[in-house]
Each structure stands twice: as C-alpha cells, then as structure tokens.
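K.L.:
Structure in structure tokens, see below.
The values are calculated or read from the model by the stated rules, or taken from the named source; none is laboratory data. All values reported here derive from a predicted model rather than from experimental measurement. No Cβ is skipped: glycine too gets one built from the backbone with ideal geometry, and neighbour counts run over all protein chains shown. Surface accessibility is based on the protein's heavy atoms, side chains included, excluding ligands, DNA and RNA. Shrake-Rupley method; radii C 1.70, N 1.55, O 1.52, S 1.80 Å.
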Amino acid sequence: MRATVVVPVLKSRSRGGQTESASTRTPESRLEEATGLAQAIDLDVVNGSIVPVNDPRPATLLGTGKIEEIKALLDERDSGLVIVDHPLTPVQQRNLEKEWNAKVIDRTGLILEIFGRRASTKEGTLQVDLAHLNYQKGRLVRSWTHLERQRGGGGFMGGPGETQIEADRRLLQDRIIKLERELEQVVRTRQLHRAKRRKVPHPIVALVGYTNAGKSTLFNRITGAGVLAEDMLFATLDPTLRRMKLPHGRTVILSDTVGFISDLPTHLVAAFRATLEEVLEADLILHVRDMSDPDNQAQSSDVMRILGDLGIDEAEADKRLIEVWNKIDRLEPEVHDAMVQKAAGATNVVAVSAVSGEGVDTLMEEISRRLSGVMTETTIRLPVDKLALLPWLYDHAIVDGREDNEDGSITLDLRLSETEAAELERRIGNGPKSAKEDWER
C-alpha cells in the first residue's frame, strides 16, 4: 500500500515557568524513524512531511491549511494511507480520515501493526492481542446499519435494549479479560522456568536497547544462535534465551529482549511486562547502543526511562549495567579510534562491532569480571563419593590445576567468587572430613 508519513512537531510548552521541548529528537530523525517503521511492514512510503503545529486542534490536531495541503499531496501521489507520528484521539483519527478520504493510523497503531506481524510464539501473540484490544476499545466504529438498538425483553413491553456498539464493547471487554487470564498463566509458567533456573544458578545477562541497535546480531555473535537479525525496526519481538560460556569456562544465560522505542504506549509496556521481567531478573544488563545513529543519546535516554518504569532505578542500573557501544564499524576511522579510546577510559563501557567481532572479546572479559566479583583461590580434594560435584565446579569455578590421585580422589586448584565459594562450602559441608578439611585449609 502507498503510504504518506506525517510528523507533527509541536511547539515547546511551558510548565512551572520552565520551557520544555515537546520532543527531545530532531524532526528529521523522527521522520526517518517513522518511515523505517512503515517500511518494516512493507508499506511503500511515497511522501514524508514535517508539519509544525503551534496550536494543536482538539478535533484534528493539525490546522485547516496543513490538512488541505496534505490532502492535495495524497491526491497527487495516489496515497490511501496516512501515518501520523503522534498519538491521535479517536475523534482526531475519525475527522482526519473524513478530511483526507484515506485510512489514518497514529504511531501507536503502527507499532501494534508491526508487533502483530512479528509475534511468533503464543506469549507474543497474547501480548499483542491484549495491547491491540485495549487500543481499539475507544475506537470502535460501525457503519450506521449496525448502530440500531436491539430489542430488549419480549413483545411490545421490552425496552430499547443496548446499541450494537455497546454490545461490541461488552464483547471486547470479555475478550480482554480472557486474554489477561491466559497471559497470567504464561506469567506463572515463566516464573516456574525462572525458579528452575535458580536451582541451577547460572547468572542471567539481558540485552536491552533501542530497536535496531544490533542486539540480535550481538546475541548471535556471542552464542552462535540463529536469531533473526536484520537492519529493520523490531526484527525481534519474542524473547530468546541461550547458554553461553565465558572466557574462563563459566556458564551464563544470555537473554535477547524486545527493542525499546520512544513514546512506547503505556498499555503496550504493560502487555509486554511478562517479557520485560526477564530484564528485572537479570544479574547483569547489557545496554546496546547504535553509536552510528546521530540520535543515539536520545535513544539511550528513552531506554533508561523505560528501565526506570520497570523498576530499575539509576543507582541500581550503575551496579548492574554495562553500556555496549555497538556499530563502531560504521564510523569514520578518526571517529572510530576516538570512540574506542573514550570507551577504554570509561567505566562500564565497551566499544564493539557485532558484525566484525571487534571488541567482543573485551566485552566477554568484562562480563566475566563483573559476574565474578572478588575471586577466592583455594585447593580442594574431592573423595570418590563426592566426584558428582565435578560438573558443578567446572561450570561455576575456574579450574587452574587438576591432579588425579591413586585412591581415586581428585585435587583441584580453584578460583571462584565469594558467592560460589559459599555455595561450594554448603555442598561439601556435610561431606567426608577430608574434603571439608582441605576446603577450610
């Protein structure tokens, strides 16, 4: 379908004597992003317009002059769809459709359309359906033949009953309640999976970032997985988890999550909360940023704002977050070298290229260092009846040396974190005296 993208730029507004911008982004970057969103669902964008709005109209958002100007463009380009990169009320949407004689969707509707195309698992489909129904609840429309009242009761004594649109709203609400119950079951299942993972306590590392920042490409580079990774907004929707080995042999779980975007609707965040809770459970968060995008700072602010909405405050983020400056391969050589030096001199920052692999080894070392904490060195002798601990030790500790003794026992030189040292002590605490003595020594 041929589509036209309209980006309304609202005038800065004043609050409490201070002037704040209606958007932190440049109009050009907003137009580029909105065009990318439209192209992500195979729309043919034939025109894009930036429209200054000094006085938003309650009925149409835009002024009459701009509405007529856009209508002429639509007729000229034979465009039957208009995407308005701004939230529209149901009244504004209906009035603009009448004025332009074309289908009109706002930013929220466009994102929901993309999510509907991308959802592939039952959980993703449920979340999209729920968000879509909540969005449509205030936008129910019927042709006039369906708006007549249904007869209530029997014979001539029955009252006028409810309108067809009221019946539709009731059916819609019933469907929402049913989806919420199904999603609650999904949440319980996900919680059970988390509980099982805690019994085999592999640390969880979650990838977050603005959509199209390169999270899935980095995920594939690190884990060797075949997750869809394309230069496309919202290429990944459903969460993916894979095990991976750190440089010193420790096993962790890497989680790829849905990309964030500015002005993400509240009910959409609520619908995807079950998915985003993977981030809350993570021991370490990798915030992937597209450093080749001129608007990467504004994108970073949007991501941090959504993390705050999820309950991860700034102080907690400093302890659990590593910034991954991705796509440095797209930068000019001078800018590339300066950015790599800047990242090397900063704390909690690693510059990488998920495509070429540059900096990925450094990132893996940093993940290992952050998850290890203070390392404890020790030597332990495992008797024959405690050899079942060997797989756990190789998964959770760094084995620097091993000696197989004649009596069948094994002596190991280990480095492990304080947390894992305490767990090992608990596991061998009730074991044979020889093992416990060696550990205490």
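K.L.:
For the stretch 19-76, give me each residue that is modelled with pLDDT under 90 and in contact with a helix residue (DSSP H, G or I) (Cβ under 6 Å, 6 or more places away or on another chain).
P.N.:
T24, R25, L37, A40, I41
K.L.:
Name, by its number, the condition in (1) under 28 Å from R175 (Cα atoms); (2) part of a helix (DSSP H, G or I); (3) open to solvent by 30 Å² or more (accessible area, probe 1.4 Å) that does not hold for H86.
P.N.:
(2)
K.L.:
Find the residue count for the stretch 387-397, including only residues that are open to solvent by 20 Å² or more (accessible area, probe 1.4 Å) and at pLDDT below 85.
P.N.:
3
K.L.:
In this structure, is V324 of a type outside the set (S, T, N, Q) and more than 20 Å from the chain's Cα centre (by Cα)?
P.N.:
For V324, the condition - of a type outside the set (S, T, N, Q) and more than 20 Å from the chain's Cα centre (by Cα) - is not met.
K.L.:
Can you pull out every residue in the stretch 404-422 that is of a type in the set (D, E, K, R) and in contact with a strand residue (DSSP E or B) (Cβ under 9 Å, 6 or more places away or on another chain)?
P.N.:
D404, D413, R415, E418, E420, listed by residue number.
K.L.:
Would you be able to tell me the number of residues in the stretch 326-344 that are open to solvent by 20 Å² or more (accessible area, probe 1.4 Å) and either over 18 Å from D293 (Cβ atoms) or not basic (K, R) (or both)?
P.N.:
Residues in the stretch 326-344 being open to solvent by 20 Å² or more (accessible area, probe 1.4 Å) and either over 18 Å from D293 (Cβ atoms) or not basic (K, R) (or both): 13 in total.
K.L.:
Are any residues in the stretch 45-83 over 17 Å from L10 (Cβ atoms) and assigned to a loop (DSSP other than H, G, I, E, B), and if so, which ones?
P.N.:
Matches in the stretch 45-83: D78, S79, G80.
K.L.:
Another question, if that's okay. If Q127 satisfies all but one of (1) at pLDDT below 80; (2) under 21 Å from G36 (Cα atoms), what's the number of the condition it fails?
P.N.:
All conditions pass for Q127, except number (2).
K.L.:
When you look at E366, is it surrounded by 15 or more Cβ atoms within 10 Å (Cβ to Cβ) and either part of a strand (DSSP E or B) or under 37 Å from the mean Cα position of the chain (by Cα) (or both), yes or no?
P.N.:
yes
K.L.:
How many residues are modelled with pLDDT of 75 or more, surrounded by 13 or more Cβ atoms within 10 Å (Cβ to Cβ), among the small types (G, A, S) and outside any helix (DSSP H, G or I) if we restrict to the stretch 178-225?
P.N.:
So the answer is 4.
K.L.:
Shifting gears a bit: Within the stretch 313-325, track down each residue that is open to solvent by less than 70 Å² (accessible area, probe 1.4 Å) and farther than 19 Å from S216 by Cβ.
P.N.:
A315, E316, A317, R320, L321
K.L.:
Name the residue that is modelled with the highest pLDDT, counting only residues in the stretch 255-286 that are assigned to a strand (DSSP E or B) and of a type outside the set (A, V, I, L, M).
P.N.:
Residue satisfying both the conditions and the ranking: S255.
K.L.:
Identify the residue in the stretch 226-247 that is modelled with pLDDT under 70 and out of contact with any helix residue (DSSP H, G or I) (no Cβ under 6 Å at 6 or more places or on another chain) and, among all such residues, is least open to solvent (accessible area, probe 1.4 Å).
P.N.:
If we take residues in the stretch 226-247 being modelled with pLDDT under 70 and out of contact with any helix residue (DSSP H, G or I) (no Cβ under 6 Å at 6 or more places or on another chain), then A235 is least open to solvent (accessible area, probe 1.4 Å).
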